[in-house]
Amino acid sequence: MFKISQEWDEILSEEFSADSYLKLREFLKEEYSSKTIYPSMFDIFNSMKQTPFRDVKVVIIGQDPYHEPGQAMGLSFSVPKGEKIPPSLFNIYKEIQSETGKTMPNHGDLTGWAKQGVLLLNAVLTVRAHQANSHKGKGWEAFTDGVIKKISLLSSGVVFLLWGANARAKKVLIDRSKHLVLESAHPSPLSAYNGFFGCNHFVKANEYLVSKGVEPINWSDL
């Protein structure tokens, strides 16, 4: 139920054995058995299942999953094909198109990014239906902070895109002598004009990857 892959499981063995995670696991068993929880329990760790540790080039940190039916798929900012593109993702697409001149797809499924090495990680990986942030403070934050710390410690040359106050608070977990950290306002309609639009993060991320001899991300390849 709550395992990812041999590679990630070994790297995150401390996180999986921590008291906070064991308590979280018991909480989730009760939640999934008694309430409607998103995403499906089989998709909780989809971000890491889609992006092996050794392939991580870019980390995009979201807050928690979408809380309406049919949206959450275990990838931050992403929704399945056929679902309406959410406002924040629409603004992300708008910025990419402005930076690159490339037309973005008419769907919101970001699996194509994950397959290229973009870890689409939410700080909290589950949520009750219709209740944003309902699983905040239940133990996920310690776990996902552990994921970020492990990437910082064991990898080099990763780009971290931190949008909004919640994501930007994670920069203390990242060794900026080894990685590139790019910060801006959140892409939501309430804040995108306060620094997300015009941030040039997608071009900067690729320039950095190329400087490290790494294949850049094709942001329009979805």
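Summary table
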{"quantity": "Residues Ala129 and Ser20, FRET efficiency given R0 of 22 Å [Cβ-Cβ distance, rounded to 0.05]", "calculated": "0.35"}
{"quantity": "Square roots of five times the Cα gyration tensor eigenvalues for region 128-222, Å", "calculated": "24, 20, 13"}
{"quantity": "Region 1-56: proportion of alpha-carbon pairs further apart than 12 angstrom, %", "calculated": "69"}
{"quantity": "Surface share of carbon and sulfur [accessible, 1.4 angstrom probe, percent] for the chain", "calculated": "50"}
{"quantity": "Sequence-distant residues sharing a close amide H with Asn122 (under 5 Å, placed H)", "calculated": "Gly62, Ser76"}
{"quantity": "DSSP-loop trypsin sites (Lys or Arg not before Pro) across region 1-72, with at most 14 other Cβ within 10 angstrom", "calculated": "Lys3, Lys35"}
{"quantity": "Derived scalar couplings ³J(HN,Hα) [region 201-218; Karplus, 6.51 cos²θ - 1.76 cosθ + 1.60; whole Hz; x for Gly, Pro]", "calculated": "5, 6, 5, 4, 4, 5, 4, 5, 4, 4, 5, 9, x, 10, 4, x, 8, 8"}
{"quantity": "Entries in Lys3/Lys212; Lys136/Lys178; Lys29/Lys150; Lys115/Lys149; Lys23/Lys150; Lys94/Lys149 that, when Cα-Cα distance is taken, lie over 28 Å", "calculated": "Lys3/Lys212; Lys136/Lys178; Lys94/Lys149"}
{"quantity": "Kirkwood-based shape ratio for region 33-153, expressed as Rg/Rh from alpha carbons", "calculated": "0.97"}
{"quantity": "For Glu31, net neighbour charge (Lys/Arg +1, Asp/Glu -1) across residues whose Cβ lies under 14 Å away", "calculated": "+4"}
{"quantity": "Relative contact order computed over region 109-222 (Cα-Cα under 8 Å; 6+ residues apart), in percent", "calculated": "26"}
{"quantity": "Dipole of the chain, positive end: most advanced residue of Ile85, Gly195, Ser156 [Cβ charges, Cα centre]", "calculated": "Gly195"}
{"quantity": "Sites Lys29 and Ala165, calculated FRET efficiency, Cβ-Cβ separation with R0 35 Å, nearest 0.05", "calculated": "0.65"}
{"quantity": "Label point distance in nm, Lys102-Val214, each placed 7 Å from Cα along Cα→Cβ", "calculated": "1.7"}
{"quantity": "Dimensions (Å) - the chain, Cα atoms, principal axes, largest first", "calculated": "47, 37, 28"}
{"quantity": "For the chain, size of Cβ-based charge dipole, Lys and Arg +1, Asp and Glu -1, in debye", "calculated": "240"}
{"quantity": "Accessible area in square angstrom per residue, region 1-140, 1.4 angstrom probe", "calculated": "45"}
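The values are calculated or read from the model by the stated rules, or taken from the named source; none is laboratory data. No experiment lies behind these values; they were computed from the predicted model shown. All Cβ positions, glycine included, derive from the backbone under ideal geometry; neighbour counts span all protein chains shown. Areas reflect the complete protein model, heavy atoms only, side chains present, ligands, DNA and RNA absent. Shrake-Rupley method; radii C 1.70, N 1.55, O 1.52, S 1.80 Å.
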